[in-house]
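Working notes, beginning with the structure itself.
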Amino acid sequence: MVKSLKIKIVLSLSLLIVMLMAAGIMSILDFRKIGNSVDTVLKNNYQSIESAKKMLDAVEREDSGILLWMIGNKDAGIETVWSADSIIRKAIVNMEKNITEANEPRYVIAVMDEYEQYHSSVKKILEDGRSAEEFKRIYDTETDSLFLKTKEAINNLMVLNQDQMYRQAGIVKEQSRRAMMPAIVSIAAAIIFALLLYFFIHTYFIRPVRQLISSVKEYYPEKGQLVAGIVSKDEFKKLEEEINQLIYRLRRTKNSM
């Protein structure tokens, strides 16, 4: 059993400090975990969305390039087509590196398939030996519809990543609420501990002091010893014993005179 008031005080305060530190560390670890996971997912989603936007812009430029070629501006048209094709293929590679959804590879494959069909149709128009009427017929009956399907596939992939970002925002909100629980628990525990600490202080500090004060006020030499009724074995009990020793010495001195 602890007999020192100093140790009792230190132990009681140490318990509160340990509780608050534990709650704080748990909250920090939870927020760090949330931050790392969210940063990775959102970064990949954002890059995929940016790649999709680049692809949409590039495929429209490729379509503009083939139209330039068809109206006679062949050099500018071919340069635009191959430049757009290079951008699209780089964007597809980036998308494959930033896959975050379980079904996202299927969307990426769909984009690749639709674009390959569209680009093959574009190259068919660019082949030598075709008449203006023939490549116009190819564009109207084949290339234009493949262009629209390619855009639709890219849009579907972009919407998938946008939806994931919205869902991730909801998940972050829920995880943040859960991460707050240790702090709430620590506050509740601190309140409960404060009540227990009040009871401790009242039992081991205030009540013994009041007992000593009351005993001193009611003490008369005829009673012999001062009885404060302190049952603890700490410094207050020692003080009671020392007061009785003082009374004993004073009485002995008085009797010897």
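Table: residues versus (1) polar (S, T, N, Q); (2) in contact (Cβ under 8 Å) with a residue 60 or more places away in the chain.
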{"residue": "ARG61", "(1), (2)": "no, no"}
{"residue": "MET70", "(1), (2)": "no, yes"}
{"residue": "SER86", "(1), (2)": "yes, no"}
{"residue": "ILE92", "(1), (2)": "no, no"}
{"residue": "PRO105", "(1), (2)": "no, no"}
{"residue": "GLU114", "(1), (2)": "no, no"}
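Scanning segment 57-76 for residues that are modelled with pLDDT of 90 or more and open to solvent by less than 30 Å² (accessible area, probe 1.4 Å) yields ALA58, VAL59, GLU62, ASP63, GLY65, ILE66. None of THR141, THR80, THR100 is at pLDDT below 85 and β-branched (Val, Ile, Thr) except THR100. Filter segment 96-109 down to the residues that are within 13 Å of LEU160 (Cα to Cα) and among the hydrophobic types (A, V, I, L, M, F, W, C), then identify the one that is surrounded by the fewest Cβ atoms within 10 Å (Cβ to Cβ). Here the answer is ALA102.
The values are calculated or read from the model by the stated rules, or taken from the named source; none is laboratory data. What you are looking at is a predicted structure, and each value in this text was computed from that prediction instead of being measured. So basically every Cβ, Gly included, is an ideal-geometry build from the backbone, and we count neighbours across all protein chains shown. Quick note on the areas: whole protein, heavy atoms, side chains included, nothing else; ligands and nucleic acids left out. Shrake-Rupley method; radii C 1.70, N 1.55, O 1.52, S 1.80 Å.
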